[in-house]
Amino acid sequence: MNFRIGYGYDAHRFAPNRKLVLGGVEVAHTQGLEGHSDADVLIHALCDALLGAAALGDIGKHFPDTDSTYKNIDSTLLLGRVKDLLHQKGYAIGNVDSCLRLQKPKIASYIPAMQKRLAEVLQIDPDRVSVKATTTERMGFEGREEGVSATAVALIYHE
């Protein structure tokens with residue numbers, strides 16, 4: 001089999017009067033994330049990891065923030081389109097692993113729902129989707145509660 005690995009990163013600052021959406025799940029918090037779409041950093045990092053593994057560019061190439069089509073779009077729709085692009089190129093998703101970095105809110109109780117939602121969108125078993133979270137011990141922009149970042153890796157293979 002032809003295995004390929006991709007890596008993704010995204011970060012967004014907190015903003016008032018927005019919902020906080022992470023991994024396709026609404027998380028209770030006093031602020032959301034600023035962005036052209038719903039600013040779901042976890043999904044954006046996953047999109048970049050998957051696109052990178054297939055050498056298809058990045059999320060900005062496929063869904064530019066200059067296109068009003070993507071204004072406030074649910075990022076699960078973008079992830080579904082990325083999955084479709086991979087399938088069109090003959091790739092299947094082996095597994096994905098991700099990590100959110102934020103001081104608050106605590107999200108451990110949301111992780112199972114995120115894994116389930118991401119697995120549904122990617123059409124893979126939930127045990128092939130890993131979501132982790134960590135604080136940065138109050139260091140950096142995440143530690144100062146200015147925003148959230150996420151990293152992701154993806155393994156794909158040619159069917």
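Largest accessible area first, the residues GLU142, GLU159 order themselves as GLU159, GLU142 under a 1.4 Å probe with ligands, DNA and RNA left out.
Report, ordered by chain and residue number, the lysines lying within cross-link reach of LYS116, taken as a straight Cα distance under 26 Å and ignoring same-chain residues fewer than 8 apart. Partners found: LYS19, LYS71, LYS83, LYS89, LYS104, LYS106, LYS132.
Principal semi-axes of the equivalent ellipsoid, √(5λ) from the alpha carbon gyration tensor of segment 1-62, are 27, 11, 7 Å from largest down. Once you have a ≥ b ≥ c as the square roots of the Cα gyration tensor eigenvalues for segment 44-133, tell me rounded if a/c is under 1.5, and otherwise prolate or oblate according to whether a/b is larger than b/c. Because a/c hits 1.5 or more and a/b fails to exceed b/c, segment 44-133 counts as oblate. Got a sec? Which residues in segment 7-23 would a label at LYS61 touch, if it sits 7 Å along Cα→Cβ and we count backbone N under 20 Å? Label zone hits: 7-11.
Measuring only protein heavy atoms, the 1.4 Å probe finds PHE3 accessible over about 120 Å².
An ellipsoid equivalent to the chain, defined through the eigenvalues of its Cα gyration tensor, has semi-axes of 25, 17, 13 Å when rounded to whole angstrom and sorted largest first. Using Cα pairs closer than 8 Å and at least 6 residues apart in sequence, work out the relative contact order for the chain, in percent. Reported as a whole number, the value is 34 percent. Among residues other than ALA150 with Cβ under 14 Å from its Cβ, the summed charge is -3 (Lys and Arg +1, Asp and Glu -1).
How long are the semi-axes of the equivalent ellipsoid of segment 80-151, taking √(5λ) for every eigenvalue λ of the Cα gyration tensor, in whole Å from largest down?
Numbers: eigenvalues 160, 36, 16 Å².
Three semi-axes, in Å: 28, 13, 9.
Given a 1.4 angstrom probe, I'd like the percentage of the accessible area of the chain that is carbon and sulfur, rounded to a whole number. Numbers along the way, then the final one.
Numbers: 3870 of 7750 Å².
The nonpolar share, carbon plus sulfur, comes to 50 percent.
Provide the packing ranking of 44-55, 100-111, i.e. peptides ordered by the mean count of other C-beta atoms within 10 Å per residue, highest first. Show your work: numbers first, answer last.
Working: 44-55: 24.0, 100-111: 17.6.
Descending packing order for the listed peptides: 44-55, 100-111.
Nearest 20 debye, what's the magnitude of the dipole of segment 1-98 about its Cα centre given +1 on Lys and Arg Cβ and -1 on Asp and Glu Cβ? Before the final figure, lay out the partial values.
Working: 9 positive and 12 negative charges, 34 e Å.
For segment 1-98, the charge dipole is close to 160 debye.
Across the options GLY6, ILE156, PRO126, the greatest Cα extent toward the positive end of the charge dipole of the chain (unit charges at beta carbon of Lys, Arg, Asp, Glu) belongs to PRO126.
In a simple Cβ point-charge model (Lys, Arg +1; Asp, Glu -1; nothing else charged), segment 39-159 has a dipole of about 200 debye relative to its Cα centre.
Just the number please: accessible area per residue for the chain, 1.4 Å probe, all protein chains included, in Å². Each step should come with its number before you reach the end.
On the way: 7750 Å² over 159 residues.
Accessible surface, normalised per residue, equals 49 Å².
The values are calculated or read from the model by the stated rules, or taken from the named source; none is laboratory data. Values in this document were obtained by computation on a predicted structure and should not be read as measured data. When we count neighbours, we look across all protein chains shown, and the Cβ atoms used for this are built from the backbone with ideal geometry, even at glycine. Just the protein is used for accessible areas: all its heavy atoms, side chains included, with ligands, DNA and RNA removed. Shrake-Rupley method; radii C 1.70, N 1.55, O 1.52, S 1.80 Å.
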